[in-house]
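None of the figures in this text is laboratory data; all of them are computed from the coordinates on show. Since we're looking at a predicted model, the values are computed, not measured.
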Amino acid sequence: MPHELRPAVIFAMAYFLILVGLAAVSVYVFGVYERAWGRGGSWQVLTWIAAGSTVLAFFGALSGSTVARRRGRALSLLRTLLAAIVASLVLLCALYVSAPVGQTVGLWGIAVASVVLPMLACAMLSKPANPTIERDAPQAARPSL
């Protein structure tokens, strides 16, 4: 796998597992499911929604990591997993908060948030690609712009 895709793929796998895990907790632990479909049917619908959101999140994470890489920044494995956790929890919290007040965001809102939140999380949680070069290099060895 090309190294440019690695953060986005890791992000997408973690994001999907988090969403599916939280869907299982919601359905089987808290009992929040559609009674007509039953627990299994409700969990399957949530899994398909998580899969669609993950595809969109992959492209958001890919663009966020590309922006970070062009700025001389990189995402480590730990920071990629942290970005996936932050993006998925912020998305779920936003949906949870908007539902009771009657302000449903709809599928377009979820789709936009599924792209924008991973892009922002990956871009903001990236760190300088090689911070020791700037700090430890003597003045003569630093490249001039």
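Using the Karplus curve 6.51 cos²θ - 1.76 cosθ + 1.60 with θ = phi - 60°, what ³J(HN,Hα) values do you get for each residue of segment 70-86, in whole Hz, with x for Gly and Pro?
After applying 6.51 cos²θ - 1.76 cosθ + 1.60, I find 5, 8, x, 10, 9, 10, 7, 4, 5, 5, 5, 5, 5, 5, 5, 5, 4 Hz.
Relative contact order, percent, of segment 6-129 when contacts are C-alpha pairs under 8 Å separated by at least 6 residues?
38
Out of residues 5 or more away from Ala129 or on other chains, whose amide H comes under 5 Å of its own, with H placed 1.01 Å from N in the peptide plane?
Arg73, Ala74
For segment 6-129, what is one quarter of the convex hull surface built on the Cα atoms, given in nm²?
Taking the Cα atoms of segment 6-129, their convex hull projects to 7.5 nm² on average.
Short version: ³J(HN,Hα) in whole Hz for each residue of segment 120-128, in order, from phi by Karplus 6.51 cos²θ - 1.76 cosθ + 1.60 (θ = phi - 60°), x for Gly and Pro, what are they?
5, 5, 5, 5, 7, 8, 6, 10, x
Can you classify segment 24-63 as rounded, prolate or oblate using the Cα gyration tensor, where a ≥ b ≥ c are the square roots of its eigenvalues, rounded means a/c under 1.5, and otherwise it's prolate if a/b beats b/c and oblate if not?
Taking the square roots of the gyration eigenvalues as a ≥ b ≥ c, segment 24-63 is prolate.
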